[in-house]
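One structure is given here, and the rest of the page talks about it.
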Amino acid sequence: MAQVQTDHPHNTGHVLTSARLKRALILLVAICAAVYAAILGYMYANQQSLLFKPGETLSAPATVGLADVEVLSLPMADGTQLAVWTAPPATEGAPTVLFFHGQSGSLGDRADRMREILNSGFGLFAPSYRGFPGSEGTPSEPALIGDGIQMYDRLAAAGHSVVLHGQSLGTGVAAAVAAQRPDARLLVLEAPFTATVDVAAERYPFLPVSALMKDQFATRDLIDQVSVPTLIFHGTADTTIPVHHGQSLAEMAGDNAQLFIIPDGMHNDLWSHGLWDQVQQALIN
């Protein structure tokens, strides 16, 4: 007579435990994938607000110690009106600084820099980016660079000798303008990046930022096309854009660029470490 073989209770329990573990693992993977997808979606949908952080209001220049500065409402080629702070050179023959600010706040936050420029007898032409206080429109890499070129051409047509100065995010704009306008007098890059996408990749190494990011401002891809004499300033204590970005750009630029590494300099204090003195000295030589 045949015997029916039955599973040992211990074996049955082992099978059930393995099945539960497998289901739990699948559930965990699904949850992680959903969370990762949610992070990707959030970063993609909000990338503009992460890169461009405009302030709420634009102060009158006189309230921040710039009584001689005029506010223009300047129309771009597409009709967008941009606010520009401007003053002519006080010294005959002095250049005008076309100043591109950083990613946040407003022009008023850079009043100390502008005061030094004007006190040196230089002219000033400082636009507030699209979507920033006082200006219409929406910021983007192509729009900011296109606006910068239009402003450069406006100054050049009026006979100004132009110094292109970019601060942080503005370095991407200034370098792009310099690549297309080789007759600029000088290019100044204050705490620059190789590319905004490179900074993002360092901050979010777990994300495919190169595939997600629209406005990549890849200065590294055009710095070797810049023939305008270039000064690069970067602080060793910069935690916003690490100093190796400025060092890399200087290597790519070769003999066309001078690199100034500021010991203990941070992202926003390079002017207090003599940046403007070096700019003036370069213009004399």
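The values are calculated or read from the model by the stated rules, or taken from the named source; none is laboratory data. Small disclaimer: the values here were computed from a predicted structure and weren't measured. So basically every Cβ, Gly included, is an ideal-geometry build from the backbone, and we count neighbours across all protein chains shown.
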key: Condition check for PHE206: crowded, with 18+ Cβ neighbours inside 10 Å, among the aromatic types (Phe, Trp, Tyr) and closer than 30 Å to LEU40 by Cβ   = no
task = Specify which of the listed residues (SER227, SER210, SER272) is in a helix (DSSP H, G or I), hydroxyl-bearing (Ser, Thr, Tyr) and under 17 Å from GLY166 (Cα atoms).
result = SER272
key: Selected residue [under 30 Å from ALA237 (Cβ atoms) and hydrophobic (A, V, I, L, M, F, W, C)] from ALA156, ALA179   = ALA179
ask   = For GLY102, are the conditions met, namely being outside any helix (DSSP H, G or I), on the phi > 0 side of the Ramachandran plot and at pLDDT 95 or above?
value = no
note = LEU51 passes all but one of the listed conditions (1) out of contact with any Ser or Thr (no Cβ under 7 Å at 6 or more places or on another chain); (2) of a type outside the set (S, T, N, Q); (3) more than 29 Å from ASP277 (Cα to Cα); the exception is number (1)
note = Among the residues of segment 209-243, the number that are hydroxyl-bearing (Ser, Thr, Tyr) and buried (at least 18 other Cβ atoms within 10 Å of the Cβ) is 2
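Among the residues of segment 196-207, is there at least one that is closer than 15 Å to GLY148 by Cβ, in a loop (DSSP other than H, G, I, E, B) and over 17 Å from the mean Cα position of the chain (by Cα)?
Going residue by residue through segment 196-207, those that are closer than 15 Å to GLY148 by Cβ are none.
Checked against the condition, which is being closer than 15 Å to GLY148 by Cβ, in a loop (DSSP other than H, G, I, E, B) and over 17 Å from the mean Cα position of the chain (by Cα), segment 196-207 yields no hits at all.
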note = Every listed condition ((1) over 23 Å from SER248 (Cβ atoms); (2) in contact with a Leu (Cβ under 8 Å, 6 or more places away or on another chain); (3) assigned to a helix (DSSP H, G or I); (4) touching a residue at least 60 places away in the same chain (Cβ under 8 Å)) holds for TYR152 save (4)
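Residue by residue, here is whether (1) under 22 Å from the mean Cα position of the chain (by Cα); (2) surrounded by 10 or more Cβ atoms within 10 Å (Cβ to Cβ); (3) in the same structural domain as PHE217 (by TED's automatic domain parsing) holds:
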residue: ILE31; (1), (2), (3): no, yes, no
residue: TYR36; (1), (2), (3): no, yes, no
residue: LEU40; (1), (2), (3): yes, yes, no
residue: LEU66; (1), (2), (3): no, yes, yes
residue: VAL69; (1), (2), (3): no, yes, yes
note = With criteria (1) more than 13 Å from PRO61 (Cβ to Cβ); (2) touching a residue at least 24 places away in the same chain (Cβ under 8 Å); (3) in a helix (DSSP H, G or I), LEU118 comes up short on (1)
